[in-house]
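Notes to accompany the following structure.
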């Protein structure tokens, strides 16, 4: 496939690789340069940056100077990995926003079909939309997880932007979205109508304080995702200053790193986006350093994927049967990782469906309380 629109990584970044006397990230991957384009054979992860800020609300200047991030990423020491990683360079601004979105959709679709995970660094979070559209011809439903302080459900009638991309995903055809989950929303940034709408659609949303209290809640949410979209505005301003929409409250850097590691460990996630990086507001490259570390932790997780459900038979799990009123919920605990799933069998597809859960969901069921995620998923399947 022709990817002539991709710009190579700048020479001033590549020149720094010569100063490394030990194996670092930048010397262990294949990088698109002026005279070399990486091959896709046996590749697990591909990094792409996107220069697009025209539809980013209140954060103009985002999607520029990705060399800062690459310098920080390339100098990190690699983990004990056995993965082939490539850096494809940058998708430049198209003549129109639609041109940029077409390029993002095209390359995301191509990589997913080759079982390569794209890590897209932007640029406006509206780039989540063309990444989602990349699944249109894959004949599957899509689960999207957004780590964001806002739901981005503003007026769908307006042009696509970073504040209404989710409205477009929910409303536009073809509608491949099965589930949306938000991690870390802050109530005062979201109207009650938006909160009620997510409940009405049986989508999942978790307040910042809820995740701060118990970060492990995020693991089964991410385990069930196909796409993960990170808005850097979900971090504390003190942790990630390179975004004009950050606030005093948000995630700490180490919390976001843990979330990205959970995402990497998920056997299902096939695309990751990290958006709204704006170097105009960065302080001592602090956000660039954090993005580099987020990518590192995601790759660390991917390296330790263990291919559980649906890749393995349920016979390799311990089954627990919990009767609740007129329902019977079967729980499955992995003998390999100790992770939990719960089964939904009464649905319109006439087949059993396992959804990730936590040990606390199992305990709640034993106390005769239907787990919320089980109930919401059942509603969508019936």
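The values are calculated or read from the model by the stated rules, or taken from the named source; none is laboratory data. Keep in mind that what you see is a predicted model, and the values were worked out from it rather than measured. Quick reminder, even Gly has a Cβ in these numbers, built from the backbone with ideal geometry, and neighbours come from all protein chains shown.
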Is it true that some residue in the stretch 262-276 is over 23 Å from residue 180 (Cβ atoms) and buried (at least 17 other Cβ atoms within 10 Å of the Cβ)? no
Is there a residue in the stretch 157-178 that is more than 25 Å from residue 2 (Cβ to Cβ), assigned to a strand (DSSP E or B) and in contact (Cβ under 8 Å) with a residue 12 or more places away in the chain? yes
Just name the residue that is modelled with the highest pLDDT out of those in the stretch 289-326 that are over 28 Å from the mean Cα position of the chain (by Cα) and assigned to a helix (DSSP H, G or I). 316
Within the stretch 287-313, residues out of contact with any strand residue (DSSP E or B) (no Cβ under 6 Å at 6 or more places or on another chain) and more than 16 Å from residue 121 (Cβ to Cβ) come out as 300, 301, 302, 303, 304, 305, 306, 307, 310, 311, 312, 313
Is there a residue in the stretch 217-229 that is in contact with a helix residue (DSSP H, G or I) (Cβ under 8 Å, 6 or more places away or on another chain), surrounded by fewer than 17 Cβ atoms within 10 Å (Cβ to Cβ) and either on the phi < 0 side of the Ramachandran plot or not in a loop (DSSP other than H, G, I, E, B) (or both)? yes
Any hit, the stretch 165-183, residues being in the same structural domain as residue 246 (by TED's automatic domain parsing), surrounded by 20 or more Cβ atoms within 10 Å (Cβ to Cβ) and more than 23 Å from residue 127 (Cβ to Cβ): no
When the residues of the stretch 327-363 are narrowed to those that are modelled with pLDDT under 85 and assigned to a loop (DSSP other than H, G, I, E, B), which ends up nearest to residue 225 (Cα to Cα)? 352
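Yes or no, residue by residue, for (1) modelled with pLDDT of 95 or more; (2) crowded, with 18+ Cβ neighbours inside 10 Å; (3) assigned by TED's automatic domain parsing to the domain that holds residue 161:
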position: 5; (1), (2), (3): no, no, no
position: 18; (1), (2), (3): no, no, yes
position: 32; (1), (2), (3): yes, yes, yes
position: 37; (1), (2), (3): yes, no, yes
position: 43; (1), (2), (3): yes, yes, yes
position: 73; (1), (2), (3): yes, yes, yes
position: 91; (1), (2), (3): yes, yes, yes
position: 110; (1), (2), (3): yes, no, yes
